[in-house]
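What follows is calculated from the coordinates using simple rules that are stated; it is not laboratory data. Because the structure is predicted, anything quoted here is derived from the model rather than measured. FYI the Cβ positions are ideal-geometry reconstructions off the backbone, even for glycines, and counts take in every protein chain you see.
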Amino acid sequence: MTEDRKGLDRRTLMRGGVLGALAAPALIGKGIAAGEVNWRVQSHWPKASGSFNDSLGVLAERVKERTDGRMTLELFGAGEFAKGPEILNIVSKGVVQMGSSSASYMESYGTCAGFAYGIPGTLRNSWEIMHLLKNLGVEKMFADELLEEGVIYRSEKVYPTELVLSKEVASVDDFKALKLRSSGGMLDYLSAAGASASYIAGSELYQALSSGVVDGAHWGAAIGAKSMSLWEVCKYHMKPSLGFNADAWIFNADAVEDLPEDIRLIFMSLVEERFYLRSVEYLEGEAQSLTDGVKNDGVEVRDFPDDVLALFAQASSDILAKEAEKGEKAAAAADALTGLMKNLGYV
């Protein structure tokens, strides 16, 4: 990794917040540097997923609008070039210039991945993890680690994670008998609470549920369950949320560096702007989707039994302690998280 790239990322790209967002509109409507830019984007979302259109599709539209058509994004659904855990590798190598992903797929690349994704059972509201990522520095901690891989990391949105099940859960024994689809730290969380959890790619999830390979899954919460048709085979939607997590954008650092300066400013500012807009609108969509699911799809909202919640609480504490031991940056991320939890009165 060159010093030039590090300087560009830290001085220019990390400023894609307030200053970048304010500066970008001044460039809109002006002549953009000659030469079209077309990026290939490998998504971890199947094309059926709500976020493929509402996150990635909207970003592509806005980029084209704000650059007067000089930058376009060519979108690929899950598995077309690579599946979730493989996407960082093809972005790093420049096979595609950009991907949508999740820090839960990147645990082997950085010690702060678990904190960038969201430690289950800790924070209870969307704004809290937004604050942790952007204002308390956890996103930057993980981004600095991934930059060594030639990849620039930005949070895409924050969302709740909730289980949908094909079977009722009335006791700890019922929960421990479940086979569940999960990923990253959430997989460890569910396993520690006694379920049998394993990773299944999004493009294979419906088939796994409908055939009984697994009894339940999380794909976000209500929006994910509805858009992926999970409620067709899993009528029980479980509360409370397992946690609040963040999806992500990843970019090939050389491709970002090669963008004309004005396009780069517009693009990175838009990415930052969309994080806040998308995170907030997602919460409204969650409420609408769950209401519709109960009314029209026969969805039943159920609460986890208290004894299962007790297992979750212990699992959360153990995972947080384990993640903090991964290194100096991870310990700093853990301090930021626990400090916030203390301020909120959660511990």
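In this label model, residue 64 and residue 346 are separated by 3.9 nm, measuring between points 7 Å along each Cα→Cβ vector. Take the Cα of residue 47, go 7 Å toward its beta carbon, and the backbone nitrogen atoms of segment 216-253 under 16 Å from that spot belong to 228.
If packing is taken as the average number of other Cβ atoms within 10 Å across a peptide's residues, how do 228-237, 108-117 rank, most packed first? Could the numbers behind the result be given before it?
Working: 228-237: 20.4, 108-117: 24.6.
In descending order of packing, they fall as 108-117, 228-237.
Cross-link partners of residue 322 among aspartates and glutamates, defined as those whose alpha carbon lies under 18 angstrom from its own and excluding same-chain residues fewer than eight positions apart: 107, 188, 335.
Convex hull over the Cα atoms of the chain, averaged projected area in nm²? Numbers along the way, then the final one.
Values: hull surface 66.5 nm².
Here the figure is 16.6 nm², rounded to one decimal.
Extension gain for the segment residue 89 to residue 335, taken as residue separation times 0.36 nm less the Cα-Cα distance, is 85.6 nm to one decimal.
Beta carbons within 10 angstrom, averaged per residue: use that to sort the peptides 68-81, 41-54, highest first. The partial results should precede the final answer.
Details: 68-81: 17.4, 41-54: 22.1.
With the highest mean Cβ count within 10 Å placed first, the list reads 41-54, 68-81.
Size check on segment 113-230: the Cα extents along the three principal axes, sorted descending, read 41, 28, 24 Å.
In the chain, what percentage of the DSSP-assigned beta bridges are antiparallel, given to the nearest 5? Intermediate values should be presented prior to the final figure.
Numbers: 19 of 36 bridges.
Here the antiparallel bridges make up roughly 55 percent for the chain.
In a reduced charge model with +1 at each Lys and Arg Cβ and -1 at each Asp and Glu Cβ, segment 205-331 shows a dipole moment near 420 debye about its Cα centre.
Per residue, how big is the convex hull of segment 40-150 when only Cα atoms are used? Give it in Å³.
Details: hull volume 14.0 nm³, N = 111.
Each residue corresponds to 126 Å³ of Cα convex hull volume.
Using a Förster radius of 51 Å, what is the FRET efficiency between residue 177 and residue 273 based on their Cβ-Cβ separation? Nearest 0.05, please. Mind dumping the intermediate values first?
On the way: r = 45 Å, r/R0 = 0.89.
Calculated value: 0.70.
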